[in-house]
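**Student:** Below is a structure I'd like to ask you about.
The values are calculated or read from the model by the stated rules, or taken from the named source; none is laboratory data. Just so it is clear, the structure is predicted and the values come from calculations on it, not from any experiment. In this analysis, Cβ positions are derived from the backbone assuming ideal geometry, glycine residues included, and neighbour counts consider all displayed protein chains. Each accessible area value is taken on the protein alone, full model and side chains, heavy atoms only, with ligands, DNA and RNA left out. Shrake-Rupley method; radii C 1.70, N 1.55, O 1.52, S 1.80 Å.
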Amino acid sequence: MSQPAGWYDDPQNPDNLRYWDGVTWTSHTTTKVSPTASRSTIGRADPVGPPPAAQTQWGGQNQWGGQNQGQGGPVNPYQNYQNAPPEQAWMAPGGRTVDGVPLASWGRRFAAWIIDGVILALLNMVVMWRWFQDVWHRVMDLVNSYPPGQTPSTEQIQRVITDTLPSSFVLGGLSALVGLIYCVGFWTWSGQTPGKMVLGISVRLAERPGPLPIGAALARRFLAIALSLVSFGSGILTLLDGLWPLWDAKKQTWHDKIARTQVVIGKQPRQK
């Protein structure tokens, strides 16, 4: 059984309190100021602290078996110092929105992205089949025009690329449009694309619940498209954008930050 999240004696500095998120020590510390006997809250009910049964004497051993001077986790559950900061969003394991809604994990977001990617690929195939066939036939005609063992010249390959360039631009534009309609439509309707529905997560504004306003939805999608265009060929910016929640305190991607959105667990209430 793990120790409840809360403020505990800092194992690195006995003069400080350090916040334990229920799994590991965080980087959040504050100076320890012990209360006077008349103001002490030790032993009183505390909604964010451990139950009274968890409290032990200094130098003893708690019910989780940890010694008071241990380094692996919190062991002195005397959290109620008079200067311990109030509960913040970062105090919850995994993080929360400003109104206390748990944020979705990166794993859930990635799984939802895979599902949506498959759906979008199928939609793109249906919408862009004509232009895809045009590009494919031109390439195959060039390949089939040469006997086995011979390859087209550089000039011929460049000519095929030039001939198929208009269709390629159409393919790219239609793909971006399909993705824009798909994402913005679902985000403004329910805050959930089909992938997010399957994984039980949704996107909302950071400061309030509900499906996204059209402006925020467009900003979120347009930045994702822009990053894809700028990093065309390598995809490095798109990759960094997708990985950013792994180390961001608010678990936001770059397109979350520009649109002021967060991905949370659960559905969004419908606007009346």
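**Student:** Under the rule of at least 5 residues apart or a separate chain, name every residue whose amide H is placed under 5 Å from the amide H of HIS28.
**Tutor:** Amide H to amide H, under 5 Å and 5 or more residues apart or across chains, HIS28 pairs with TYR19.
**Student:** Let me ask something else about it. Give the calculated FRET efficiency between SER145 and ALA121 to the nearest 0.05, with a Förster radius of 30 Å applied to their Cβ-Cβ distance. Provide the component values of the computation, followed by the final result.
**Tutor:** Numbers: r = 30 Å, r/R0 = 1.01.
Once rounded, the FRET efficiency stands at 0.50.
**Student:** If each of TRP113 and ILE258 carries a label point 7 Å out from its Cα toward its Cβ, how far apart are those two points in nm?
**Tutor:** Placing both labels 7 Å along Cα→Cβ, they lie 1.6 nm apart.
**Student:** Separate question: Which order do the peptides 113-126, 204-217, 256-269, 168-181 take when ranked by the mean count of other beta-carbon atoms within 10 Å per residue, highest first? Don't jump to the answer; show the numbers that get you there.
**Tutor:** Values: 113-126: 13.6, 204-217: 17.1, 256-269: 19.3, 168-181: 15.2.
Result, highest mean first: 256-269, 204-217, 168-181, 113-126.
**Student:** So, one more: How much accessible area per residue does segment 94-210 have, in Å², with a 1.4 Å probe?
**Tutor:** On the way: 6820 Å² over 117 residues.
With all protein chains present, segment 94-210 gives 58 Å² per residue.
**Student:** Could I ask something else about it? When the accessible area of segment 164-245 is split by element with a 1.4 Å probe, what percent falls to carbon and sulfur? The partial results should precede the final answer.
**Tutor:** Working: 2950 of 3740 Å².
Of the solvent-accessible surface of segment 164-245, carbon and sulfur hold 79 percent.
**Student:** Something else about it: How do 101-108, 242-249 rank on mean C-beta neighbours within 10 Å, highest first?
**Tutor:** Values: 101-108: 18.2, 242-249: 14.5.
Final packing ranking: 101-108, 242-249.
**Student:** For the pair THR30 and TRP129, how long in nm is the line joining their label points, each one 7 Å along Cα→Cβ?
**Tutor:** In this crude spin-label approximation the distance works out to 6.3 nm.
**Student:** Starting from the Cα of ARG208, move 7 Å in the Cα-to-Cβ direction to define the label point; list residues of segment 220-261 whose amide nitrogen is under 18 Å from there.
**Tutor:** 259-261
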